[in-house]
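Participant: There's a structure below that I have some questions on.
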Amino acid sequence: YEQNGIKVAILNYTYGTNGIATPADMPYLVNYMEEEKVIADIQKAEELADFTVVCPHWGNEYYLGVASNQKTWTEIFLEQGVDLVLGTHPHVIEPVEWVFDEAGHEMLVYYSLGNFVNGTSGTGAGVMNRCVGDLADVTIGRDDSGKVVVLEYDAIPLVCHIAEGEEYTVWYLEDYTEELAKENLICSQDGDFSLENCKALVE
């Protein structure tokens, strides 16, 4: 992708397909996280583009921390020169952090953006976490040396609201209200759902 004279490479991989087999005659259908292939792809991207983004489908479902496999892959991405990681799969938000190598290369990692729309059938403690997601807001541009870098970034919290009739809407957390939270049907699946607890989760 190219805009304003900046070329961005975007790569997408998954750890697996949740038990669904890839059709034998369609090996191109899914990009698996196979280290040799991933490294080769990133090296090619680094040759062709000014900025490399990797979107991995990784981690452990419903885990708010960073899983060991995410840490392993983060090191691989960093070593290969990736600039930005946008993670998905856990269905809950996970930390956002900068990581650095010894040469000074920096990489911004959103370990999991959580759900944008949540239609979970689960019940019990922690289910409310699946209604909170993040919108990655990243601005890239050239620094004083001409290198393309992240100039600004944010994680904008979102809440999925489920109303009667299974009507789903997505709100910015800052615009969500106590009244809406009390009406959210997720309350019947997890009694801990509240505006206060959504804010606490984001913090």
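Participant: Within region 10-30, identify whether any single residue is in contact with a strand residue (DSSP E or B) (Cβ under 7 Å, 6 or more places away or on another chain) and over 27 Å from T120 (Cα atoms), and answer yes or no.
Facilitator: Yes, that holds for at least one residue.
Participant: Being part of a loop (DSSP other than H, G, I, E, B), open to solvent by less than 70 Å² (accessible area, probe 1.4 Å) and within 17 Å of Q70 (Cα to Cα) is the filter here; which residues of region 13-30 pass it?
Facilitator: Result: G16, T17.
Participant: Of (1) crowded, with 19+ Cβ neighbours inside 10 Å; (2) in contact with a strand residue (DSSP E or B) (Cβ under 9 Å, 6 or more places away or on another chain); (3) at negative phi, M128 satisfies all except one. Which?
Facilitator: (2)
Participant: In addition: Let me confirm something: among G141, G165, G114, which residue is modelled with pLDDT under 95 and either on the phi > 0 side of the Ramachandran plot or not charged (D, E, K, R) (or both)?
Facilitator: On inspection, the qualifying residue turns out to be G165.
Participant: So, one more: Of all residues in region 60-83, which are under 25 Å from R130 (Cα atoms), part of a loop (DSSP other than H, G, I, E, B) and open to solvent by less than 10 Å² (accessible area, probe 1.4 Å)?
Facilitator: Passing the criteria: only A67.
Participant: In this structure, does E152 turn out to be surrounded by fewer than 21 Cβ atoms within 10 Å (Cβ to Cβ) and assigned to a helix (DSSP H, G or I)?
Facilitator: No; evaluated as a whole, the condition is false for this residue.
The values are calculated or read from the model by the stated rules, or taken from the named source; none is laboratory data. None of these values were measured; they are calculated from a predicted model. Positions of Cβ are generated from backbone atoms using ideal geometry, with glycine treated the same way; all protein chains shown enter the neighbour counts. In case anyone asks, the SASA skips ligands and DNA or RNA and just uses the protein heavy atoms, side chains included. Shrake-Rupley method; radii C 1.70, N 1.55, O 1.52, S 1.80 Å.
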